[in-house]
Structures are given as C-alpha cells and as structure tokens.
Amino acid sequence: MEASAPHPLADRLRPRTLEEVVGQNHILGEGKPLSRMLAAGRLSSIILWGPPGVGKTTIARLMADKAELEFHQISAIFSGVADLRKVFDLAEARRATGRGTLLFVDEIHRFNRSQQDSFLPHVESGLVTLIGATTENPSFELNAALLSRTQVLTLNRLDDAALEELLHRAEEVEGRNLSLTPEARSALKAMADGDGRFVLNLVEEVLTHKADSNLSPAELAQFVQRRAPVYDKAQEGHYNLISALHKSIRGSDPDAALYWLARMLVAGEDPLYLARRLVRMASEDIGLADPQALQICLSAREAYDFLGSPEGELALAQATLYLATAPKSNAVYTAYKSAISAAKQTGSLMPPVHAVNAPTKLMRELGYSDGYIYDHDAPDAFAGLDYFPPEMAREEFYGPVPRGFEKEIRKRLDFWTSRRDVKDSST
C-alpha cells in the first residue's frame, strides 16, 4: 500500500488554538472583540474582511470549536440556493438534537443580493451563526440588511513580525533553518506580500534547495516563482491605489506619487487609464496655477501612444512628477462646480441684449446687441460690461489662489473689477 502524500506545510502549521493565530491581536487579543464574545459565551454572526492568507478560515474553524458549534463550510463560488437550503435543513436537524451550527461562507461577496437575503431569517432566528469571509469591502458588496445583522471585523495583512513567526515555526517543524542569507530572508517575506499561506508555500520551495551555501536575494528570486501583486482592476484595490496616487500628487509628494504609479503599472493597470487620470488631476488640482500641467499630461499620453510599453511609461512618470511638484490650485474645479450649480438654478434666464448678435433687421428692431461696446476699442481693451443675465446678480465663481500663475491672474481680475466698479458708479 502506497504511503499517502505529506500534507502541505501550511496545513501542518495551521493553528490549533486561537492563541496560535498570528497577526490578528487587534481582534483576538485579551479584551478584543472575538475574545470578549467567546468569554461571554455569546457568538454573534460576523463578517471577516481581509486579504488572502491572513487566517479567515482558521479563525472561523477555531471559533466553532471554542463555542462548541458544528462547523459547516461552503464556498459562494461553488454553491447556490439549493445548497443553502440543504445547509439550513441540516442545521435544523442539528438544533433538534441540541447542537448549534456555525456556517462559514468563504467568498461571501460572490453571492448575489437574493442569495444573501436567504441568510436573513436563519441568522435572526439563531438557526445558524454566520461567519462570512470576504476580500472585498463589505459596504460595497454585501446587502445592507445582512450587514445590519452582522459585525464586520477587519483582518490585517500579516506584518514582518507575524511572517517571521511563521518562518520560525516552519523551521521548528522541519528541524532545520532555511538556507537563506538575512537579506534573502527579508526578501522572502516581502514576496509574500502579507499572505501567510503564500509565505509557507515559498518556504516549501526553499526547503528543496540542496546547495551548500545560503541563497542570496537574487538567487532566491530565480529559485522561487515571483508572486503577482494582489490587485484586481475591477475591485477595491484598484480604487485604493488610484486614490493614493491622486492624493500623493495633490499633497505634493513626488516620491510617493511615483511609487503608487509604479505599483499600478507593475500590477498590470492599463497605462492609458493612468494617463486619463493624470489629465484629470492636472485640471482638478493644478489648474491655472500652472497652465502647462495639462499640456504635459496630454503630451505624456501622446508619447505613450507613440512608444507603447515599457518605454512610453517613462512619459507617465514624468507627468506624475510634474504634477506632484507643480503649484496647486483647485480654483478651476470649485469655480466650475459653482457655475454648474448656478446654471441649474437659473437655467431659463436670457443673456443681456448687448451680449447677443443681431444678424437680422427684426432682431435689431427688438434691441438685440444694443449697448454693446467692442472691448478692443475701449481703454485697456476692457469696456466693463456685465454679461450676466439682467435678472441675476453678479457672482464670483473663480477665485484664483496666491500661487503660481494664478497670482498674475488675480492681479488682472482685481484690475478689471476696479474698472467695472468705477464704470458702475458713474452710471
């Protein structure tokens, strides 16, 4: 009879008690949410939200053991309404014998709205204690009704100390140290990107290294398969990173902005999407404080079109650094929003007669164009006419900031305002 294959290292090192779980002391430590629930003998339904490989399934299984509940696990990827009915029927049968059920639903965000609704009566009645696991933001992916009946707990990606603890445990189980230089050991943890399961998979590969010397970081990178960054262009990670890029540029932090740009490019983001966002940032956060910013971003997009990847990505980096180091102003952005708001409120008002043309005799007889003064014939090319609707008081939408080119614009506006005030006082 053939011997069974050895269990994966991650399975052999799976914690047997909640105290052995690493990196989640903020929910499992003394006096923290899960510890308080278990100590009080009252386990509520919970949504565990966190990245892959941080212990969601393990925590749910150990909670069931601690609370003396039957553990039943399903995956939303492979289950439907019929499967849920079977689960609830089994839970009903267990309750008849005095046993409770902890239902663990992996990837719960994959269930559609109606499937999520099917949990509600059974959670409310206490037929099941629901533990849902998700890598996506519950506030976007789960029904409000389900969220109101559960407590959302956030799990952290494993930090360096937690990953180091896993490496020590692996070395103890295997009875030998990993053949890595200190620098390579740090590189191994960086490759894991906070994922405990993945770091143990990497350890299994390293344990097959039979050479006499320890692996350097470069040798390690060749020896193990590099992991693609955790990033989904349709999900929250995408929006988190583009938000970080935008805020870094707005906050005049060129190094951070370049880092987030690189993170998105390395993860496979469409460079043209990034080019479009940079164009938007040029208008929203720099505006006329540096009118060249918009042209730089449009040129970067054109350069990327011309060169493609990877050469064209340098133009995006150049535009990113230009925006991050440019003087900042959102005066154009706020002026536009104010004008839109005013237009919605006064959308039927006609322009003043001096602001409209009179190409026909009838229009001239009706007074169209009366009172218009050709500004180039006026002193300083400024006649000082009011171009707002007669029924509408003048409004100041655009307020240039005292930075960059808008300092000069402010001087011009102040000059024109003073000339307009003199004209108005004389009429």
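By per-residue mean of other Cβ atoms within 10 Å, what is the highest-first order of 390-403, 26-39, 238-251?
238-251, 26-39, 390-403
Out of segment 153-217, which trypsin sites (Lys or Arg not before Pro) are coil in DSSP terms and have no more than 14 other C-beta atoms within 10 Å?
Sites meeting the loop and neighbour criteria: 176, 210.
Which entry in (i) 61, 32, 18; (ii) 51, 31, 24; (iii) 33, 27, 23 is this structure's computed semi-axes √(5λ) of the Cα gyration tensor in Å?
Only one listed value fits the structure, namely (i).
Along the positive direction of the dipole of the chain (beta-carbon charges: Lys, Arg +1; Asp, Glu -1; about the Cα centre), which of 223, 186, 151 reaches farthest?
Farthest along the dipole direction, towards plus: 151.
Order the peptides 373-381, 96-104 from the highest to the lowest mean number of other Cβ atoms within 10 Å of their residues.
96-104, 373-381
Quick one: which of 340-349, 315-324 comes out on top by average Cβ neighbours within 10 Å, and what's the full order, highest first?
Descending packing order for the listed peptides: 315-324, 340-349.
Which one of 111, 223, 415 has the biggest mean-square fluctuation once the chain is modelled by GNM with Cα springs under 10 Å?
Evaluated over the chain, the most mobile residue of the options is 415.
Rounded to the nearest 500, what is the 222 nm mean residue ellipticity of the chain from helices alone, with -39500 (n - 2.57) per DSSP H run of 4+ residues and division by all residues?
Mean residue ellipticity at 222 nm (helix-derived): -15000 deg cm²/dmol.
Return the carbon/sulfur percentage of the accessible area of the chain, one whole number, probe 1.4 Å, all protein chains in place.
Solvent-exposed carbon and sulfur of the chain make up 53 percent of the total.
Only loop residues by DSSP count here, and only those with at most 12 other Cβ atoms within 10 Å; note down the GluC sites (Glu not before Pro) in segment 265-329 that meet that.
The qualifying sites are 311.
The values are calculated or read from the model by the stated rules, or taken from the named source; none is laboratory data. Keep in mind it's a predicted model, so treat the numbers as computed, not measured. Cβ: placed from backbone, ideal geometry, glycine included. Neighbour counts: every protein chain shown. The area values use the complete protein model at the heavy-atom level, side chains included, leaving out ligands, DNA and RNA. Shrake-Rupley method; radii C 1.70, N 1.55, O 1.52, S 1.80 Å.
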